[in-house]
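The values are calculated or read from the model by the stated rules, or taken from the named source; none is laboratory data. Computed from a predicted structure; not experimentally measured. All Cβ positions, glycine included, derive from the backbone under ideal geometry; neighbour counts span all protein chains shown. Protein only, heavy atoms only, side chains kept; ligands, DNA and RNA dropped before computing areas. Shrake-Rupley method; radii C 1.70, N 1.55, O 1.52, S 1.80 Å.
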Amino acid sequence: MSLNPEKYLALVTLLEQLRSDATTTPIVASELRVRVASLQQFFGQEIVPLADENWRVQSYQTEMSKQLRLLAIDVMFLQGARQASTAQTRLQTISDRLTTLIQYCDAILQPEAEGEK
């Protein structure tokens, strides 16, 4: 099995940090866009090559890839928001999407923890 827990844990750390920054501090949409692009790059370079024969892991990776693309679109919508209420809604959507990505990572790592018992 080629699952590398350290890579997924690093991704979770990046996702949690971005979610925290996006929800607790005023964040500039262009900065958020750069950080999401770097997340996508990390995913493409560090996670995707961990191709696993396990269909479950592949399924989660496919969903994560989709969620990252949607996250980039959410950031574009945030940049286009003209009203504070719209921007707040967009930030909540971004936070929810980051939470989903974290949950996918946790789900991938879960069998690993159970296997060690």
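So what is the relative contact order for region 1-76, in percent, with contacts set as C-alpha pairs under 8 Å and at least six apart? Don't skip to the answer; put the middle values down first.
Details: 34 pairs, mean separation 34.0, N = 76.
Relative CO of region 1-76 lands at 45 percent.
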Just add up the charged neighbours of Lys66: K/R +1, D/E -1, any other residue whose Cβ is under 13 Å from the Cβ of Lys66.
0
Residue-wise HN-Hα coupling along region 62-77, computed from phi with Karplus coefficients 6.51, -1.76, 1.60 (Hz; x: Gly, Pro):
4, 5, 5, 4, 5, 5, 5, 5, 5, 4, 4, 5, 4, 5, 4, 5
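Counting only protein heavy atoms, what percent of the accessible surface of the chain is carbon or sulfur at a 1.4 Å probe?
Working: 3590 of 6860 Å².
The value for the chain is 52 percent carbon and sulfur by accessible area.
Averaged per residue, what accessible area in Å² does region 1-95 show with a 1.4 Å probe, protein chains only?
Details: 5580 Å² over 95 residues.
I get 59 Å² per residue for region 1-95.
Calculated from DSSP H runs of 4 or more alone, at -39500 (n - 2.57) each and per residue, what is the 222 nm mean residue ellipticity of the chain, nearest 500?
-27500 deg cm²/dmol
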